[in-house]
Amino acid sequence: MSNFPHKHFQGKVYTFQHLDQILLPVPLVVKQIPIEIPVHVTFGCHCFTEEFDSTAHEDHHRYTHLGEERAFNVERHQCSLQLPKVMQAILGGTIYRSDRSYTYVAQIVLPLIAGLESYSVFFSLEKTKKSAVPSVELFVKSAYLSPLKSKPNAQKWRFKALIGETAGVF
């Protein structure tokens, strides 16, 4: 079950079960032996909220989670419904590093917009502490409609290689 409280907004109730933790098994080959690295994916409230601005938002926009006050955003919520599918697609994706975070850009279709939209997912990775087997924690910090924003010399990774490196098997 999601740890995000539901949101009543403009006569509708928004829920967040789609942002429950996901276990993403990542198949790798290490020294010609196939292995699977479990990646535990969790999500932050920035996936469906934006910065609260008292000049642009009213009180009914407020969404507070873990002491952080944000503004609920219907478009971000609509996009976040696709995050479980996007996280499956990341297995074959290219990741860009920016400071201490990583970025992956997926192409998603929104019901009210014709065509594909660029959806940027910003996340952190960390080797799981106190685990008997190599595993990784992936925290999706934020996600919103945006084309890739990376520096020209940004480091690129194949997602699977990045997981192997983070888990310590490469």
Between Lys129 and Ser54, how many nm apart are label points set 7 Å from Cα along the C-beta direction?
3.7
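For the chain, what does -39500 (n - 2.57) per DSSP helix run (n ≥ 4), summed and divided by total residues, give at 222 nm, in deg cm²/dmol to the nearest 500? Can you show the working numbers first?
On the way: 3 runs with 23 residues, N = 170.
Mean residue ellipticity at 222 nm (helix-derived): -3500 deg cm²/dmol.
Which FRET efficiency, nearest 0.05, do Glu69 and Leu91 yield, Cβ-Cβ r, R0 35 Å? It would help to have the intermediate numbers written out before the result.
Working: r = 35 Å, r/R0 = 0.99.
It comes to 0.50.
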Placing each pseudo-label 7 Å from Cα in the direction of the beta carbon, Phe139 and Lys156 end up separated by a distance in nanometres of 2.9
Spatial extent of the stretch 5-117: Rg and Dmax, with the Cα atoms as the point set, Å
17.1, 58
Between Ala154, Ala106, Ala132, where does the largest GNM mean-square fluctuation fall for the chain, given springs only between Cα atoms within less than 10 Å?
Ala132
Springs between alpha-carbon pairs under 10 angstrom, Gaussian network model over the chain: which of Gly44, Gly11, Gly93 fluctuates most?
Gly11
Give the order of Arg100, Arg62, Arg70 when sorted by the count of other beta carbons within 10 angstrom, beginning with the fewest.
Arg100, Arg62, Arg70
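Every number here is computed from the coordinates shown, using simple stated rules; none is lab data. Everything numeric in this text was worked out from a predicted model, so none of it was measured. So basically every Cβ, Gly included, is an ideal-geometry build from the backbone, and we count neighbours across all protein chains shown.
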